[in-house]
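Taking it in order: structure first as structure tokens, then the write-up.
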Amino acid sequence: MSIHIGAREGDIAETVLLPGDPMRARFVAENFLEDARCYNEVRGMLGYTGTYKGKRVSVQGTGMGQPSISIYATELIRDYGVRNLIRVGSCGSLQTHVKLKQLVFAMSASTDSAMNRVRFGQLDYAPCADFTLFDRCVTQARERGISFTAGNVISTDAFYSEDPDVWKLWAKYGVLAAEMEAAQLYTIAAGNGARALAIMTVSDSLVDGSGITSEEREKGFGEMLTLALSLA
């Protein structure tokens, strides 16, 4: 048992899906996993382990933001031996060609957070995905005919910004989408010898203000979750 995860040794699989919303963790367990068992309810951040097509896999809620996912990623790796961490969440498009419901695979993650500046003594670190997970994800998406785009994302600490146009600078430099967790997930994994990948569904667009409905979100997330589980 760690500080924030109430699991015992052996309760958590080597591959873990990481949705921000703990209710989505429950949804995955109830709709995609066989013989799923809840191993964590600490702070309401639900975690489950079951099997998917015979392979043992876990799903753990992480909460919103980089400080929160850093806690769970660190404890999963250091205390429970997790080797593969796959974020499954939503993002906001910053480009006209990144469409609603499309999947985004984060090759790298820029950030406005100071967490890595503090960690690296004010030097810049470039968080990036594990190539093996990324390559397998791209291959499987192409084989399944799933629409996706891949590239840089921005992991922001501010969901509500004082400057409504701040995203335009990131867009100018080719950043595909905004989200809130990938940069620290990649950093924590790299620093602890694990592998990480962030897969996200575009739920809204900062370019034109459009967004998907609840029904479309559920369908789009199902496609993303099935792809993520296949990596196990």
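Using the Karplus relation 6.51 cos²θ - 1.76 cosθ + 1.60 with θ = phi - 60°, the per-residue 3J(HN,Hα) values for the range 71-80 come to 4, 5, 4, 4, 5, 4, 6, 6, 9, 10 Hz, with x marking Gly and Pro.
So for the range 26-137, what are the equivalent ellipsoid semi-axes in whole Å, largest first, each being the square root of 5 times an eigenvalue of the Cα gyration tensor?
On the way: eigenvalues 139, 80, 42 Å².
With the √(5λ) rule applied to the range 26-137, the semi-axes are 26, 20, 14 Å.
Taken along the Cα-to-beta-carbon direction at a fixed 7 Å, the label points for ALA158 and ILE146 span 3.3 nm.
For the range 15-230, what class follows from the C-alpha gyration tensor (a ≥ b ≥ c being the square roots of its eigenvalues): rounded when a/c is under 1.5, otherwise prolate if a/b is larger than b/c, else oblate? Oblate is the answer for the range 15-230, as a/c is 1.5 or above yet b/c matches or exceeds a/b.
Within the shell defined by Cβ-Cβ distances under 10 Å, the residues around LEU229 carry a net charge of +2, with Lys and Arg each +1 and Asp and Glu each -1. If you count Lys pairs in the range 15-230 whose Cα atoms are under 20 Å apart, skipping same-chain pairs closer than 8 places in sequence, the total is 4.
The residues neighbouring VAL42, those whose beta-carbon lies less than 14 Å from its own, together hold a net charge of -2 under the Lys/Arg +1, Asp/Glu -1 convention. Using just its DSSP H runs of length 4 or more, each adding -39500 (n - 2.57), the chain gives a mean residue ellipticity at 222 nm of -10000 deg cm²/dmol after division by all residues.
Rule-based calculations on the coordinates, nothing more; no lab input. Remember, it's a predicted structure, so these values are computed and weren't measured experimentally. No Cβ is skipped: glycine too gets one built from the backbone with ideal geometry, and neighbour counts run over all protein chains shown.
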